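So the structure is just underneath, and the comments pick up after that.
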Amino acid sequence: HTAACIVTCLGVGGAYLGVNFVISHNFEGAKSVLNTADRAKHTRRDWAFDQVETSSTVGGRILGFFHGGLNYQIEHHLFPRISHVHYHKLQPVVQQWCLDNKIKYTYYKSLPENIASCYKHLSMLGNAKQIG
């Protein structure tokens, strides 16, 4: 009985975290990380720019309570050592910084909106023609 409970908890928890990580980094307009060969073709940018443009934030404080702050994925990437209970305070500061620096800050009001964007993005990637 104990082993079944442990396996169930790990399975549910793992799936929950996995889905959150997938939707936080796979959305319409997500910047892809360049492979080593492609990096030489691009100008070097600040590390923070890539953290913002490869992540998204969804929902607010209530969702943050249930997600342990991982719904604030952009803030989490920029400030990993700050407790997640403060991410909602950082969000408007980060959004303003992004606006001032012309960086795309991706925010979804709800999980269904984020999941729909993720599905569209993954469908587009799956239907893209392979080059080479």
Quick tally, 1.4 Å probe accessible area for I74, I115, sorted with the most first, runs I115, I74
Pairs of alpha-carbon atoms within less than 8 angstrom and 6+ residues apart define the contacts here; what relative contact order does the range 62-132 have, in percent?
16 percent
For Kirkwood radius over Cα pairs in Å, several values are listed as (1) 18.2; (2) 16.4; (3) 16.9; flag the one computed from this structure.
(2)
Based on the mean of other beta carbon atoms within 10 Å per residue, what is the order of 101-112, 47-58, 8-19, most packed first?
47-58, 101-112, 8-19
Shape of the range 86-132 from its Cα gyration tensor (a ≥ b ≥ c, root eigenvalues): rounded if a/c is under 1.5, otherwise prolate when a/b > b/c, or oblate?
oblate
Provide the per residue accessible area, probe 1.4 Å, for the range 47-104, rounded to a whole number of square angstrom.
56 Å²
Mind counting lysine pairs for me in the chain? Cα separation below 30 Å, and the two need to be 8 or more apart along the chain or on different chains.
19
Below 8 Å between Cα atoms, with a sequence gap of 6+, how large is the relative contact order for the chain in percent?
30 percent
Quantify, in whole percent, the carbon and sulfur part of the accessible surface of the chain (1.4 Å probe; protein heavy atoms only).
64 percent
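The values are calculated or read from the model by the stated rules, or taken from the named source; none is laboratory data. From a predicted model like this one, the values you see are computed outputs, not experimental measurements. Quick reminder, even Gly has a Cβ in these numbers, built from the backbone with ideal geometry, and neighbours come from all protein chains shown. Ligands, DNA and RNA are excluded from the accessible area calculation, which covers all protein heavy atoms including side chains. Shrake-Rupley method; radii C 1.70, N 1.55, O 1.52, S 1.80 Å.
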